[in-house]
1. Check off (1) farther than 22 Å from Glu291 by Cα; (2) at pLDDT 95 or above for Ile363 and give me the number that stays unchecked.
2. Of the residues Glu358, Glu333, Glu349, only one is modelled with pLDDT of 95 or more and among the charged types (D, E, K, R); which?
3. If a residue has to be touching a Gly at 6+ places or on another chain (Cβ under 9 Å), under 14 Å from Gly99 (Cβ atoms) and not aliphatic (A, V, I, L, M) to count, how many in the stretch 160-183 make the cut?
4. Could you please tell me which pairs satisfy a Cβ distance under 6 Å, a separation of 6+ or placement on different chains, a first residue in the stretch 266-293 that is within 26 Å of Ser322 (Cα to Cα) and free of Cβ contacts under 8 Å to residues at least 40 places away in the same chain, and a second residue that is among the aliphatic types (A, V, I, L, M) and assigned to a helix (DSSP H, G or I)?
5. In the set Ser138, Ser157, Ser132, which member is at pLDDT 95 or above, surrounded by 20 or more Cβ atoms within 10 Å (Cβ to Cβ) and on the phi < 0 side of the Ramachandran plot?
6. Just to confirm my filter: which helices (runs of 4 or more DSSP H) fall fully inside the stretch 91-182 and include at least 1 residues that are touching a residue at least 40 places away in the same chain (Cβ under 8 Å) and aromatic (Phe, Trp, Tyr)?
7. Please find, within the stretch 60-88, the residue that is modelled with the lowest pLDDT out of those that are among the aliphatic types (A, V, I, L, M) and in contact with a Leu (Cβ under 9 Å, 6 or more places away or on another chain).
Amino acid sequence: MAICIRENAVLLAMLYLTSRFAYKVMTSLAVAILLGVLFVYFERELLLEEPERVSTGTAESPRDARESSRRRSLLLFGHDRSGTTLLSKMFDSDSRVFGMYEPFWTTHYDMVRQTFDEKVRLARDVLTGFLSCNFSASENGVDFLRKFRFRLDEGRSESHALTSKHFCKGTDECMDLSLHPNYTDWVCRNRYKYSVVKIATPRIPDTRIAGILPRLFEENPHTDIKVVHIVRDPRGNVHSRIKIEWLRDHPDPRFENSVKQLCDEVTPNVQHLNSLLSKYGDRIMIIRYKEIADDPVGIAKRLYKFAGFEISDEVLDWVKRSTTPSKKTLEKEIGHPYSHVRNATGNAERWRKESPIERVRVIERVCEPLMRILGLEKMETQEIN
């Protein structure tokens, strides 16, 4: 009898412990399932949320609705010392813009080892990430987010958006966006109205925009991408490079080859964009540095209108401060060759007064094809000094 009682007691104890264990397991499982459901729900709410639709009181056709909901984005490109920095900084001053300055500095080390096809695929994927808010669509887009984080201290690629409060605590603690590409896409779409990216010709794969356009348009049918190519009179560009010691002046034996390389990189891009105008004329604009220097506020308004952006008073004030600075501000910035702050008046034609005729003639001879395409005339001898 005693043995039976003991056995029953042990059995009851085992059943009790088993039930307690099963309860804990089931509870943990239930909690895990609940958390999973909540995660999926909030992920859908946060990462797949569509922008709010504002009723205007009038019915839109399906096509009009699609057109108005397309993201509007702008790609700026041009050679160094051509005015690209001023324009990109202008857009970056706009809090509504998801901007990126020189993303191909971040991918530079990868492109060195890649074939041309791999380079242009990488370039288009990165641009799609910014312009269409779609980093998650490709391995290249996600990988860019990882590399950008670890190369922030190099200071060549810049993005106020990717280092904003949405992704960073302070200036040093930023999340690894490659682990959260969907969240990055969501912030881009829902916290920034427009996207703008600036790339420099030397960082474009093989310096040819043909590897990017028109494929970028075709691969992003739901994004209204506009492209602006900024060009500068090679005589002014070379003069600027000499002043900041990027080039050795004539008659250095390397001068002519350096000038030829510059013009050989610009010419085919102008030709290629001209060939696309018949089909994509409403999406491509070529702007000259002289236009920017002569009327910076007018160009700002023109660019915003072309891109389909709304320009704000804050942006216009920024342009005025940057191109008509006070004497004190100008004296402070003049020693910084890469500063966007300059007195724009007469800046585009300064080379005419400061360039020796021998240098000018070499540039005009070597860059004759580019000057012809841009409609530039040779300088008269009496204009010198």
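1. (1)
2. Glu358
3. 1
4. Glu291/Ile299
5. Ser132
6. Details: elements: 108-112, 116-131, 139-150.
Ranges flagged: 116-131, 139-150.
7. It comes out as Leu87.
Per-residue answers, yes or no, for (1) under 30 Å from Ser322 (Cα atoms); (2) among the aliphatic types (A, V, I, L, M):
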{"position": "Ser93", "(1), (2)": "yes, no"}
{"position": "Val97", "(1), (2)": "yes, yes"}
{"position": "Asp110", "(1), (2)": "no, no"}
{"position": "Asp125", "(1), (2)": "no, no"}
{"position": "Phe130", "(1), (2)": "yes, no"}
{"position": "Phe144", "(1), (2)": "no, no"}
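The values are calculated or read from the model by the stated rules, or taken from the named source; none is laboratory data. Remember, it's a predicted structure, so these values are computed and weren't measured experimentally. Glycine also receives a Cβ, built like all others from the backbone with ideal geometry; neighbour counts cover every protein chain displayed.
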